[in-house]
Structure formats: C-alpha cells, structure tokens
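These notes are about the structure you will find just below.
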Protein chains: 4
Amino acid sequence: MINGERTISRPLRWAMVGGGRTGQVGYKHRTGALRDGTYQLLAGAFDLDAARGRDFGVRLGVAADRCYATYEELIKGEAGRADGVEVVSVATPNFTHYEITKACLKAGLHVICEKPLFFTTAECDEIAALAKEKNLVVGVTYGFTGHPLVHQMAAMVKKSLLGDIRIVDLAYTHGFNAGDDTGAGEAVRWRTNPKTAGPTFVLGDIGTHLYYLSELVLPHLKLEKLLCDRKAFIPTRAPLEDHATVLMHYDNGARARLWVSSVDAGNMGSQRYRFVGSKASVAWSDSHPDQLVYEVQGEPGRILHHGMPYLEPESLAIDRMGALHTEGLGDSWSNIYLWIAEAIDAARRGDAAFLKTHHYPGIHAGTEGVRWLEACVRSADAGAAWVDFH
Amino acid sequence: MINGERTISRPLRWAMVGGGRTGQVGYKHRTGALRDGTYQLLAGAFDLDAARGRDFGVRLGVAADRCYATYEELIKGEAGRADGVEVVSVATPNFTHYEITKACLKAGLHVICEKPLFFTTAECDEIAALAKEKNLVVGVTYGFTGHPLVHQMAAMVKKSLLGDIRIVDLAYTHGFNAGDDTGAGEAVRWRTNPKTAGPTFVLGDIGTHLYYLSELVLPHLKLEKLLCDRKAFIPTRAPLEDHATVLMHYDNGARARLWVSSVDAGNMGSQRYRFVGSKASVAWSDSHPDQLVYEVQGEPGRILHHGMPYLEPESLAIDRMGALHTEGLGDSWSNIYLWIAEAIDAARRGDAAFLKTHHYPGIHAGTEGVRWLEACVRSADAGAAWVDFH
Amino acid sequence: MINGERTISRPLRWAMVGGGRTGQVGYKHRTGALRDGTYQLLAGAFDLDAARGRDFGVRLGVAADRCYATYEELIKGEAGRADGVEVVSVATPNFTHYEITKACLKAGLHVICEKPLFFTTAECDEIAALAKEKNLVVGVTYGFTGHPLVHQMAAMVKKSLLGDIRIVDLAYTHGFNAGDDTGAGEAVRWRTNPKTAGPTFVLGDIGTHLYYLSELVLPHLKLEKLLCDRKAFIPTRAPLEDHATVLMHYDNGARARLWVSSVDAGNMGSQRYRFVGSKASVAWSDSHPDQLVYEVQGEPGRILHHGMPYLEPESLAIDRMGALHTEGLGDSWSNIYLWIAEAIDAARRGDAAFLKTHHYPGIHAGTEGVRWLEACVRSADAGAAWVDFH
Amino acid sequence: MINGERTISRPLRWAMVGGGRTGQVGYKHRTGALRDGTYQLLAGAFDLDAARGRDFGVRLGVAADRCYATYEELIKGEAGRADGVEVVSVATPNFTHYEITKACLKAGLHVICEKPLFFTTAECDEIAALAKEKNLVVGVTYGFTGHPLVHQMAAMVKKSLLGDIRIVDLAYTHGFNAGDDTGAGEAVRWRTNPKTAGPTFVLGDIGTHLYYLSELVLPHLKLEKLLCDRKAFIPTRAPLEDHATVLMHYDNGARARLWVSSVDAGNMGSQRYRFVGSKASVAWSDSHPDQLVYEVQGEPGRILHHGMPYLEPESLAIDRMGALHTEGLGDSWSNIYLWIAEAIDAARRGDAAFLKTHHYPGIHAGTEGVRWLEACVRSADAGAAWVDFH
C-alpha cells in the first residue's frame, strides 16, 4: 500500500499551464500531484485572464511573481531562476498541447499533458524524438488507469486467469452534451470545434482513456483492424462526433466493441470495462469503484474488493485507502502522477535500467492514442468501413 | 392488473409438439399457457422417444391415447375427434418449425412456434399466405417481451418522454457455450449445426428476442442498414457464430448496437436494454427485473417499479404480481400466451376489428426476425460490411 | 427442476373463500395453484358482494351454481355433491380465518389459509387438534418461502457452510401506509383495526413471513427471548403498529434483529435476509431475486445464481425457470401450493411415512407464527422489555 | 466545489503522533491534510520504535531532527523552535488520547484526535475546559462525514424534504474480526483490551461514526433513551463487544436502530444509512458512494449523483471531484481536515463570529460520542435494558 513515503530522491519543482479557477480538470492535477509531497507547485500560467490567474495562483500558495500571464513567460521566467520549475503540467485545450509541450521540452522541462496528446502522430513522433534527445519525460494523464482494480485486471490477464482473450467490451458514456451548445460556455464549445479540439470530440476526450486501458490490460495483443461509426447528434458539432462505436479485431482473433458518447442522456455510470476470456471474465465500472467482478463460467460469480490480501501484488502495492474504504478518482490520479514523477526522477538520475521496466502513461501511450484516433477518423470518413490499424 | 379472469370465450384445446421431459423450454410454454385456464393441454407429441413422451404426457395429465409418437400422428389423431385440439405449440429444433407449422395449418390448427421462426423469409411468406387463407393464427414465443416494464418502455417512447430516439443499446449474452461441445448432448449440438439450427446460432437463438424488442419499443422507426460482425470462438461451430455484434442505422438517424453471445464467460445478467433519446433514457435488465431506470439528462435518475400507479396504463394492465412482488419470466410468458389466445379467439369468432389493433408476436414479427437474420448473415458473409436492410 | 409433471395421484378439487376481483392476494393463490394442474378451481365464495363474486367466479371458469354467497353456503353446497371440493383456500381478513377454517375442517375439508393464521395460540391448538382428529391438512401461505434460493440458504446452513450461526438480520419494509388512512378503502382499514386484524398489524402481516423464514433456515436453533419495540406512526392505528423492531436471542448465543414497517417511505426493495455465521454469511433480497450472496470472510464474495448446477440439490429440485430466467413470486407460491397438495394427497392416501418427513408450511408453522406475535405484543406492552419466548 | 484555493490565512505547521509505517490510519490523516497545502507536516513521533519512526518520518519529508521518539519529546522539542508546530494529530491507541491531548493543549498546541475521543465524559469535560481556557481547537476525525452526499442528506432534512423524521437505520459492519485473535498483531489486540481500548470495542471504533452522523443529519432531534444489546462472539473479547445493536428513541417519537459489528463475515459494504420521514426517505451507502437514494412514497425512486447542479448548495460547495468522478474516502477526510483548519485559523485570529457558525467535528462532537458510549455500556450492563440518554 501507498502510505505517503517518498519513492523519489526529492520533490519535483512543478508548474501548471491552464487548470485555472473556472476549469474542470485543474484540481484533479493538483490533488493528484500534491498529497504526498512528490511535487511542489511553485509556478503557473493558470488562466487566459492574467489577473484572475495570478489571484488564483496566489490562493493556491504560489508566489505572485511566479504566476505568469502566458506559458511563454512562464518558461522564460523560470529559466532565469536557480530554483526554477523542472516539470510542467499542461491542462489547456487540445490545440495548444503540441506547442506548449514543444516549448517546454526545448527549455529542458519535463511535461505532463492532458489527453488527447496532440492532433497527429506526426506531431507525436516529433515530440518523442525531441524528448528523447533532451532526456526528458512526457507523461499523459489517463487519470482513471491508476486505480488498483484496473491493475488487478491487468495482473489477472497476465496470469492467464481468463484464458485466451475473446471479447473486450468498453464504454465511457455520459449525457452532459445531450442538449445543443447554444448558450454553453467556451469550456464546452472549444471541444466541438476542429480548430481547438482536433479531429475528434468524444473519441479523443474520453475514448482515448478506454483505448489506453485496453493497452494496459492487454499488452500482449495487437490491434489489427477497426471500424468506427461516429455521429454528431447535435448537427453543429459535425464533422466532430458526440457519439461513436468502434469495433476492433485483434491478432489473436479477439473482438472488441467500444462505445463513447456525451449524449447518453442521464447516464452517470459512465465507465465500464469487461474482458472476456475462454475461462473467465473480469468487469469493472466506476459506479461500483471498489469492486471487481470476476466470473468463471459455471462457478458462482466473485466480487473482489480493493485492498484485500487475496488480490495480486500489483494491485495491493498501489492501493491507498485500504479495504472497506472508497478509493476515489483522486487516488488514481495520485498514482499516475507518482509514476510519472518516478520516471522523471530516474531520467534526472540517468537510471536507464529503471526506466526500461517502469510503467507509466508516457509519450508512447499518448502517441498510440493519437494513432488510434487517426484510424477511427479514417474509418468513419470512409463510411464506417474497416481499416487496418497499422 | 391481470387476475385470472377469462378474456376469451372459452378455453382453447391445446397440444404440444416437443417440450418433453429433457427439453429446456417445454415448461415455459406450459406454465405460460395453463395458469389461467386459457388453454387446456389435451394432446402432445412430446418426445422423439415415443414411450418416454407418452409417460411424460400422462404425468402432465394428458390421456395416454392422445400422447402421440409424431406430430403427423397427432394431427391425424386429433383431426378424428370431435374434441380435437385447435392450437398446437411447436417447441422443437429449428429445422422442424417450418414443416410442422405448415402441416398444422393445413390441418386447420392454429400454431404457436418457437423462435427463430423458419430458415428463410421465403418460408415465412409462404406460411403467412397459408395462415391468411386458412384464417389461422401463427404466434411466436418472444417470451420476455410480455414483461410489464418492457411495455412501459414502449409506452414512454410513444408518449415522447424520451424525445427523438438517438441510441439503442441491446445485449443478451451468457457463457453457457464458453467451452467446446465435446461431450455436450444433442440439446446443445443441434443448435450449432446449420442443418438443424439454420443459418445462425446465437443471432437466431437470442438475437431475435432483442430485435423483436426493438420493434416493439420503436415501431415508428425503420431500420435502414446494418453491419454484422460474427465469429465462432469455438471453431467447430463455424460457419455459425457464438458471438456477434450488429450495428444498425435507423431512418431518423438513430444508431443501434446489439450484442449477442453464448461465450460471455460467467455472465448471468444476460439481458439489458437501453433506449436513449434527446431528452431522456430508459433502461431495463432482467437482473433487476422489477425496476426500470428512467434518466432525464440533468435530473436525478428515476427508478420505476413495476405495478406502481405512476406507470403507464399499458404496463399496469398486464402486471400480474403487483408492486413489491417479483414479476418472473413465467408471468411474461403467460402474457404472450394470453395475447395469442385472444388472437385465436378473435379469429375463431371472425372479429376482424379486434385483430386489426390487437398486438401479439405473430407471423409478421416472426418474419421480420428471419429477415433480420438474413441481413445479418449477408453482412457477415461480406466481411462484416454494411448492407441495406430491405 | 419442476417441469409440471404431476407428483400427486390426481388433481385436487379446490375452492376459494375470498380472493375476489378487488382483493390483492387472490391471484397469487390462483396462479400458485393452477399452473400445473395440481388443483382444479371448482367452487368459491369469492366476495362479500354475492353477485359480484358470482360474476367473478364465472369468469374464472367456475360454474355459476358453485359460486356461493358465503363460506357456509359453500361448505353446505359442496358437501351435497359427489364431486364436491376437498380443499378450501381462505383469503379473507384475519378475523375470519379461525371460524372458516374450523367450519371447513368440521366438514371434512382440507384448508389453506393466509397468514397470520389466527388471533391466539389457543385457537391454533384447538384447530391443530381438530385437523389431527379429522386427518386433514392445514397449510399456511408463507408465499416467498418457496423460492429456490431461500432453500439454498437453508441447505447451506444445514451443511455447516456458515459455521455457527451468530447474527440474523431480517427486514421486510415498505411505505404503502406512510400516509394516514383517511380515504383509504376497507382493504386497508381492516388491517389496522384490532377487531378485524387481531393483535398486530405489520408484525402479523409481514413479520410472520420473516419469522417463518428464520425457522426454515435455522431449524436447529431455539428462540429463547425477544424484545419488541412497536409504534404506530399514524396514531389512529394504535394500539396496532405500523413499525416494529424485534431483537431476539437464540439458545446458541446467536442474536437476531428483525424489522417490519409499512411506513418506510418509498422503499420498494422490501425483503432482505442475512444470516451470518462464524465462517461465512448468506444474504438474499427480493430486489435481486435471482442472486444469493455468499461471503466467506477473507475471500472474494460469491454471487450464486438460481438454477445453476453448483447449487444444493434441495434448491435445484424446486427451480422452475432455470438459470438466466427470472424466478418470480408466482413460482414461489406454486411451490408452496404444490407442497401442501402433496401433504393433502398423502393424508388422503394415509401415507404417514411421507408426512413424517415432508416439509410444508402447515399448522405448526402457523401456530409458531402466532406464538411469536403473542410474545411480541407481550414485550411491547411491557414497554419493549425482554420476554421469554416459551 | 473545492479546487484547492486556500481558505485560511497561511498553512498550519503540523505534527503527527502515531500513524507510522505499520499503522492503518496514518495515511488517511496525511492524505486528508496535505493535498491542498493547508497543513505542512513538519514533525512527528510516528512510532513506538523510535528508529523506525525516524526513518519513516524522513521518508515523509520531515527533517530527521524533528522525528521524535515520544510525544513528550515532540512537544518539548517543538516548543523550543520559532517555527515549531502549532497543531498535532493523535493517531494512537485509544488509551493514550487523553494524556497526549492534554499535554498538547497545555503546551499551547491545537489537537486533532482519532475517535473514540477519550474513555469518559469526565475526561472530555476536563479537556473541553482546558481547550476553552487556552483558546485552542480539538478536532475529531469522523472521517466519512465529510462526504458531499452526507451533507446533502443533512440539507434535505433541514429543508423538510423528508417531513417529520420517523425512522433512522444505521449500520457499519464488517467481518475482519470474525476469527479469534490468536496470532493477531498488536494492532488488533489493543482494540479488544479494556485497558487500551476503553469501555467498548466496535461501539467506539465504528459506532461513534454512526452516532456523529446521526447528530449531523438530525441536529433538531434529541435522543431520549436507548437500549444496547452487545456481545463478544469471540469470548476472549468480553467484556468488550464485537457486535452490538442499539435501539434509540428520539423526543419527536422517531425510532432508530443502529448496528455495528466486526464479525459480519464477508461483508465489505460496511456503511449504510437510511433516514425515513413522513414524506420521503434518503439512503446512502459507501458501496455506492456517488449515489444518494431519495424516495418519495408513491413516486419513482430518485438517484442523486454527487456534484450535480440539482443538489443543495451545502453539498456542492464541498465536492472535490465533480459529477461522474468518484469521490473517495480521502476526499472526505480532506474536508474534515479543512474544516478543522478553518477553526484553528479562526481561533488564531480571534474570529469568534466565524467559530460561532462554523461546523466541524470538535470537542463537543467527541464528547457526545463518549456520552453515547457510556449510555450504551450502562444499558448493556443492565441486561440490554432501556436507559435515559441524559
């Protein structure tokens, strides 16, 4: 179990770009990063409104002179300090991810970026090369994949408790965009504009979570081809989608179906995953976050509870609250942030051996997410036709 | 509420073909038919093993001389009696449905047949013409669609409580065929042999339930095209499938996804339906059979309980147990059997006006199910390609 | 599994007293009795309104001249027929149970009676003696205790899968009487009047179900003392109660708590049972009727599904729908009615050996329910004090 | 929503006594305190094993020379520093709470203490007087009562959405002590020894949570009398209890039942609360932490989801993750720690007006918990008899 003991050599000096008072996601970054003293929030360019951003930063405990108006000023300002930040989180609209990440890396700063990472795999490849050259880490905040029961699923698949994987059923749906966007604020509107959101809406916004999850649980399988049927039920969102179904075929013959939607009116259960093998299945949903359903055909279903000694070591090692006590989304983010910190620490120390086996959502995971989005769009644009993945 | 009062002029004289001691489905027919005195079980050809079938029939209360060895003998024997049966239920393997139904109709007997009705729509059309000519009823036992909360869903859609339908999500999966069929009895094996099962396995066996349900709830929508990705995870079942995903597009732009599987290891929740509209959603699953989830975007979710006065009249009228008391699958079958009896009674009486508006799963519903299976196979055979439905 | 094959020598000739068109419970008796041809409904005194009762009976298929105005006329009329009924179900308000049962027994008729059986154990003892003298059966309709998963619980306790029983937690609550009774019909009002309801309201109406269930699952334990805290939240119901908590101590040291209420506003989950032993627990609720939760301390929880081969034979033998298919309350009533029929058949045949081991809710179960109510009232009247049970 | 902005004038200098590497609860304190920069962990006496405690503290980021061997040394050492801590959390076995709290207060330090606060109300009163004299805060970590949906329940009761409160049903049970304590570590054993645990085991350990919750939701009701039936199913735990049922009567006529157990084999659902009024009920359980069930009699049940705009402002104000995203136990602890910090800050600033209306679990809440335990023991010792509460 994680109990707050430091696993890195010293706290990381950290800044945020975006994630200001009116944003939805900033607090998730902060609560994920700050609870264990792994990161110290020392600077930020929190808001397009510089005064509001400064006021906000000060209330977060950041010195006023390190609350910058823009990310460019932040990079410049911090570069001039002996105690300047060394890692920057990017919690801004999609279209700025690439330029901010690139600028940070060029300035020698590690980056933690929101998903979807960038607009194209070409951008991803360029950034990957730059990060490699600079010996810097790029982490991607696939926030829920830090949950101990997600890693329990992965460990069970690895141990062949499920047999050969046959069926993958993934969904992440909600109804917050069921109505049209008239009167909606910019926080909604940028997500449905290709210029600011990129080539997708819900596929990138929530589908990439599911795709990364499938990679995490099924690292031994290779996606061969997919079909994406996407649709904007609110026509002004076209060509972007507010609903999509993706069918996928794996190299072992497994079949996946994946559903993302932001017009699934009233649904608050949001995420549910099911992996079916020849012997058994595992299923998890964030509406029962403390439980994993494990079903062996012909036997009573089993309800595994987080933090219990019968779980796999991989799951127990990352539990924070302990059995009986709800492990929340914030705890999951803390794990993601911790793993990225450990990567940064190893990069700083030049510990290549550690990095070789250390798992965290990095540039590769981000790139694969973008590659998957490109394939989805290619399929959808061809009339929901099958396309090869690679 | 249904309380056992007779709605037809007199009980129907009834026989069964199949549904013997070792079959899985016979009791569902009997408990559905007999509890209200609507049908009287007077004859049967219950079993391929004539002696066993006679012994079984006698223990069901059928006179020994009306327990026949074959359906041909049954038809002949009953035709010779003044009190001969007038309606026959067919609970036999798929490949016999067509010939038994045809023979019964020719002999002037109404028919109640298991799904999938026949192998081809050509057969369906021929039987429909014959039934029309003879003024006879053909009912199809889509057993779960008699549930009061299924009809609540339909009534809510009809009243536009959901707004425009956007998304349909249907699944009926279990894992009883997760293993291979080595050592399985004939009751399993006939289902995976094209000669006895017809062109599909799970699509016909359980998928037709879902498709009929979609027609029941969404009578105003027209299915335009579909894509079916089917697979036999147990290779000896090919070309039939033990898993299939079907994507569907409706004329109003709605999107449906439908999943059937008999290799969904360990899953006992089996059926779940969700209809999403522009304003709200309804969802039902037989693992919480007494509850309907009704979710208006932006409002608390609502849990509707069967038998409660706030439900639509269409639902309350067909409730049997009353609120607080579990309405089981048997109750649902009783409703289906009752509606078919009412159709037979009206046909006998020549009450065309009644038949015009009376709803029950009849030859049209059976035919549409087969048409849907044909389209699924056409799509699957083309490599899971989109095909027009009509 | 039960598939409708007859287990008795011939169908029983059956009549109902009460259970008319406007009653709540009559259909449960009929659907329980009639589906398998075990009983034939041949006569009735269905309603205080004789004309309405006759019209109703005829629509149930009873001959008009066997639809009687009163139970006295029924007994007299049927006694005069060679094909007169041999068993009578009593589905009338509590205060009439004793006199109708007594009259029937005196006339040589078996009786199936609603709970709570009578007002006093003295009445019970008198009736028990009369039934014994006449070699007649008195069955009591504890309707839900025919469920296969209830018998699974009993079988697991018997096999010591739970270890020593420590804690029993039983509840049956709803909110249908949360409001006062102004404007309520007689069907509600008789239940809260001591003259018609007897010494209790919810304790007798629903608490006796729970108490019988505890006897069924824990036949090896002896209740030593109890404490009952009862209350009428609607004051006009006093001295009867619409809410009660009963604490119980067993001879092995086990502790039970039991809650009944008809003012539990909005609750539709109604029945839930939990038995905790030194090794494991079992729990069941009619809101998830197809599932039994079995929890061994320190292991994953198990979800047992009705009809599955891993269940105990006692449970599988009485399953009607089979796994995946919802077993409803009606199916449970059918089992109760079947077991009572088997007792009647054995009594008719003079098969004492069968009766010695045959389990059904009979006069003893009814008497113990009344004894428990007497103890509850004694405790409540003493200010919710502890009282010895025997 | 809480987004990490500081609500106090500056971070508090904080130390922990107990909560070391092998303890169960220390991380809950730390994650609750540290994520928003409200507290800075600067010192500690984490462990009875001084070397292990120092090593642990250093890994938490505490300077080695501020990792003390005992709480006495901590108080002395910090008193000698200009930057000494100002608030101390006590996460040690029950029998040390009183002496550590007293010593801290005498040294001018605010205290945050685990429940149950002390052994007797006399001790509580003494400490309350001391804290008042010193103008210091004593907070008590009733950890789950920081959850936004708990405060939603309280707000709904306050707005009379439930009508008059009639029934309160509270339970907190698990099975971790179902086996005997042979071989159990000291972390288990001190809890069942009256010398170290005080006059109760589960009543104090988990029952006080429930009692505080009832006070939070029902501040307008006065508990008049109670009855406590307690038992040690593992005999060596006597006279302490591993199971207890408490019945309670309120001044408005409401009835409560409360169940605590650590021998409820296999139960992982642990906490569930239900408040029933004359119009409606609310219910919450930590096994579905994001949902509140709100049931108006005669209407569909409603599922309220945390973070949604339709909730009461009191609930929305303290939400951290936002709708769709699981609010965990750690988030709830953060709220409790924040409210205590705000009280300390106000005390420091001499802001009596703020303190007058500011709600947090303080010395009064702790005292009432101990008073309730005393009444429970009094009742149990009298043979589970009714006792007046005050």
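Listed conditions (1) crowded, with 23+ Cβ neighbours inside 10 Å; (2) assigned by TED's automatic domain parsing to the domain that holds residue B:159 are all met by residue B:287, apart from (1). Evaluation of residue A:181 against the conditions (1) touching a residue at least 60 places away in the same chain (Cβ under 8 Å); (2) of a type outside the set (Ser, Thr, Tyr); (3) within 26 Å of residue B:282 (Cα to Cα) shows that the sole unmet condition is (1).
Specify which of the listed residues (D:61, D:139, D:143) is under 22 Å from residue D:47 (Cβ atoms), small (Gly, Ala, Ser) and touching a residue at least 60 places away in the same chain (Cβ under 8 Å).
Values: D:61 fails: touching a residue at least 60 places away in the same chain (Cβ under 8 Å); D:139 fails: under 22 Å from residue D:47 (Cβ atoms).
Answer to the selection: D:143.
Given A:254, A:265, A:244, which one is within 30 Å of residue A:283 (Cβ to Cβ), in contact with a Gly (Cβ under 6 Å, 6 or more places away or on another chain) and of a type in the set (A, V, I, L, M)? Write out each step before concluding.
Numbers: A:254 fails: in contact with a Gly (Cβ under 6 Å, 6 or more places away or on another chain); A:244 fails: in contact with a Gly (Cβ under 6 Å, 6 or more places away or on another chain).
Answer to the selection: A:265.
Can you tell me which residue in segment B:298-334 is surrounded by the fewest Cβ atoms within 10 Å (Cβ to Cβ), limited to those that are facing chain C (nearest Cβ under 8 Å) and at positive phi? Going through the qualifying residues, I end up with B:322.
Just one of C:360, C:337 is within 13 Å of another protein chain (Cβ to nearest Cβ) and over 30 Å from residue D:386 (Cβ atoms); which is it?
Numbers: C:360 fails: within 13 Å of another protein chain (Cβ to nearest Cβ).
Just a single option satisfies the conditions, and that option is C:337.
For the structure I just gave you, tell me whether residue D:386 is within 14 Å of another protein chain (Cβ to nearest Cβ) and among the aromatic types (Phe, Trp, Tyr). Considered against the rule, which asks whether it is within 14 Å of another protein chain (Cβ to nearest Cβ) and among the aromatic types (Phe, Trp, Tyr), residue D:386 comes out as yes.
So for segment C:62-71 (the condition being modelled with pLDDT of 95 or more, within 14 Å of chain B (Cβ to nearest Cβ), surrounded by fewer than 18 Cβ atoms within 10 Å (Cβ to Cβ) and touching a helix residue (DSSP H, G or I) at 6+ places or on another chain (Cβ under 9 Å)), does at least one residue qualify? Break it down into steps so the answer makes sense when it comes.
Restricting attention to segment C:62-71, the residues satisfying the condition of being modelled with pLDDT of 95 or more are C:62-71.
Subset that is within 14 Å of chain B (Cβ to nearest Cβ): C:62-64, C:67.
After this cut, where a residue has to be surrounded by fewer than 18 Cβ atoms within 10 Å (Cβ to Cβ) as well, the list is C:63-64.
If we keep only those that are touching a helix residue (DSSP H, G or I) at 6+ places or on another chain (Cβ under 9 Å) as well, we get C:63-64.
Yes: one or more hits.
In the set C:51, C:43, only one residue is modelled with pLDDT of 95 or more, over 25 Å from residue B:319 (Cα atoms), in a strand (DSSP E or B) and not assigned by TED's automatic domain parsing to the domain that holds residue C:308; that residue is C:43.
For every residue, the table says whether it meets (1) closer than 28 Å to residue B:295 by Cβ; (2) touching a helix residue (DSSP H, G or I) at 6+ places or on another chain (Cβ under 7 Å); (3) away from chain B (no Cβ under 14 Å); (4) surrounded by fewer than 23 Cβ atoms within 10 Å (Cβ to Cβ).
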| position | (1), (2), (3), (4) |
| --- | --- |
| A:126 | no, no, yes, yes |
| A:141 | no, yes, yes, no |
| A:144 | yes, yes, yes, no |
| A:155 | no, yes, yes, yes |
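Of the residues B:214, B:160, the single one that is within 14 Å of another protein chain (Cβ to nearest Cβ), over 30 Å from residue A:280 (Cβ atoms) and not acidic (Asp, Glu) is B:160.
Taking the criterion of being surrounded by fewer than 24 Cβ atoms within 10 Å (Cβ to Cβ) and within 11 Å of chain A (Cβ to nearest Cβ), the residues of segment D:5-25 that qualify are D:5, D:6, D:7, D:8, D:10, D:11, D:20, D:21, D:22, D:23, D:24, D:25. For segment B:362-390, the tally of residues that are within 22 Å of the chain's Cα centre (by Cα) and part of a helix (DSSP H, G or I) stands at 15.
For segment D:16-35, a residue qualifies if it is touching a helix residue (DSSP H, G or I) at 6+ places or on another chain (Cβ under 7 Å) and either outside the structural domain of residue D:74 (by TED's automatic domain parsing) or of a type in the set (D, E, K, R) (or both), and the qualifying residues are D:21, D:28, D:35.
If I ask for residues that are surrounded by fewer than 24 Cβ atoms within 10 Å (Cβ to Cβ) and among the acidic types (Asp, Glu), which ones from segment D:26-47 would you list? Of everything in segment D:26-47, just one residue is surrounded by fewer than 24 Cβ atoms within 10 Å (Cβ to Cβ) and among the acidic types (Asp, Glu), namely D:47.
Screening the candidates B:196, B:182, B:245 for the property of being crowded, with 23+ Cβ neighbours inside 10 Å, assigned by TED's automatic domain parsing to the domain that holds residue B:153 and of a type in the set (S, T, N, Q) yields one hit, B:245.
What's the total number of residues in segment C:11-35 that are free of Cβ contacts under 8 Å to residues at least 60 places away in the same chain and part of a loop (DSSP other than H, G, I, E, B)? Within segment C:11-35, residues that are free of Cβ contacts under 8 Å to residues at least 60 places away in the same chain and part of a loop (DSSP other than H, G, I, E, B) number 3. Restricting attention to segment B:93-113 and to residues that are outside any helix (DSSP H, G or I) and either among the hydrophobic types (A, V, I, L, M, F, W, C) or surrounded by fewer than 24 Cβ atoms within 10 Å (Cβ to Cβ) (or both), the residue that is modelled with the lowest pLDDT turns out to be B:93. Given the structure, is residue B:96 of a type in the set (Ser, Thr, Tyr) and either touching a Lys or Arg at 6+ places or on another chain (Cβ under 8 Å) or closer than 30 Å to residue A:245 by Cβ (or both)? So residue B:96 does not fit the description; no.
Taken as a whole, the structure leaves residue D:374 outside the set of residues that are surrounded by fewer than 21 Cβ atoms within 10 Å (Cβ to Cβ), touching a Gly at 6+ places or on another chain (Cβ under 8 Å) and assigned by TED's automatic domain parsing to the domain that holds residue D:260. Looking only at residues in segment A:248-258 that are touching a strand residue (DSSP E or B) at 6+ places or on another chain (Cβ under 7 Å) and surrounded by fewer than 22 Cβ atoms within 10 Å (Cβ to Cβ), the one that is nearest to the other protein chains (Cβ to nearest Cβ) is A:257. Restricted to segment C:262-297, and to residues there that are facing chain D (nearest Cβ under 7 Å) and among the hydroxyl-bearing types (Ser, Thr, Tyr), the residue that is farthest from residue B:309 (Cα to Cα) is C:278.
For residue D:168, the test of being touching a Phe, Trp or Tyr at 6+ places or on another chain (Cβ under 7 Å), more than 22 Å from residue D:265 (Cβ to Cβ), touching a residue at least 60 places away in the same chain (Cβ under 8 Å) and crowded, with 16+ Cβ neighbours inside 10 Å is passed.
The values are calculated or read from the model by the stated rules, or taken from the named source; none is laboratory data. None of these values were measured; they are calculated from a predicted model. Because the Cβ atoms are built from the backbone with ideal geometry, glycine has one as well, and the counts that use them run over all protein chains shown.
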